[in-house]
Amino acid sequence: HIEDAPKPWFKILFAQSPDETEIIKEAFINSPYQENYTLLKTHQFYYEIFNKTASKGNALIKFCKNNGIDLENVIAIGDNENDISMIDVAGVGAAVANAPDLVKAHADIITNSNEESAIADLISKL
């Protein structure tokens with residue numbers, strides 16, 4: 001149970017077999033924690049719970065603001081659900097071919113898989 005986790009905590013990682021991921025998702029959806037925390041599937045075996053304001057997208061926004069970089073000039077590539085916020089805020093968002101369909105739906109460009117020179121493929125497509 002999340003109540004048993006030592007406090008303060010920043011992220012909780014659940015590692016389980018793929019058939020158990022739905023159990024964790026349902027328990028979270030029906031808990032009071034969904035108001036302030038995000039639950040993301042970050043791998044077929046992992047679910048992570050963390051503060052709603054902690055995301056790769058928010059980190060990218062802050063980084064760009066602190067360094068005078070226009071987000072329209074940023075390219076972000078990801079392979080899992082925890083990358084969606086980053087893909088959404090970047091000027092160009094890309095997903096690897098072996099990313100879940102949900103991630104690819106947010107991308108402007110789909111590259112090769114992350115095992116087949118995805119970055120080189122992205123550069124060639126740009």
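The values are calculated or read from the model by the stated rules, or taken from the named source; none is laboratory data. The model shown is predicted, which means the values in this text are computed figures rather than measured ones. FYI the Cβ positions are ideal-geometry reconstructions off the backbone, even for glycines, and counts take in every protein chain you see. In case anyone asks, the SASA skips ligands and DNA or RNA and just uses the protein heavy atoms, side chains included. Shrake-Rupley method; radii C 1.70, N 1.55, O 1.52, S 1.80 Å.
The single condition among (1) of a type outside the set (A, V, I, L, M); (2) part of a helix (DSSP H, G or I); (3) in contact with a strand residue (DSSP E or B) (Cβ under 6 Å, 6 or more places away or on another chain); (4) over 28 Å from GLU116 (Cβ atoms) that PHE14 does not meet is (2). Within the range 26-35, none of the residues are touching a residue at least 24 places away in the same chain (Cβ under 8 Å), part of a strand (DSSP E or B) and farther than 21 Å from ILE109 by Cβ.
Counting the residues of the range 80-126 that are in contact (Cβ under 8 Å) with a residue 12 or more places away in the chain and among the basic types (Lys, Arg) gives 1. Criterion applied to GLU22, GLU48 was being of a type in the set (Asp, Glu) and touching a Leu at 6+ places or on another chain (Cβ under 7 Å), and the one residue passing it is GLU48.
To keep it simple, each residue is scored yes or no on (1) of a type in the set (Val, Ile, Thr); (2) surrounded by 13 or more Cβ atoms within 10 Å (Cβ to Cβ).
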position	(1), (2)
LYS41	no, yes
SER85	no, yes
VAL92	yes, yes
VAL103	yes, yes
ALA107	no, yes
SER124	no, no
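Check the range 37-44 and report whether any residue there is of a type in the set (A, V, I, L, M) and either within 17 Å of the chain's Cα centre (by Cα) or assigned to a strand (DSSP E or B) (or both).
Yes.
When VAL96 is tested against the conditions (1) within 13 Å of THR42 (Cβ to Cβ); (2) crowded, with 18+ Cβ neighbours inside 10 Å, the lone failure is (1). Checked against the criteria, ASN66 does not count as assigned to a helix (DSSP H, G or I) and either open to solvent by less than 30 Å² (accessible area, probe 1.4 Å) or under 30 Å from GLU3 (Cβ atoms) (or both). If you check every pair at least six apart or on different chains, which have Cβ atoms under 8 Å apart with a residue in the range 1-25 that is open to solvent by 90 Å² or more (accessible area, probe 1.4 Å) first and a residue that is small (Gly, Ala, Ser) second? Every condition considered, the pairs that remain are PHE10/ALA54; LYS11/ALA54.
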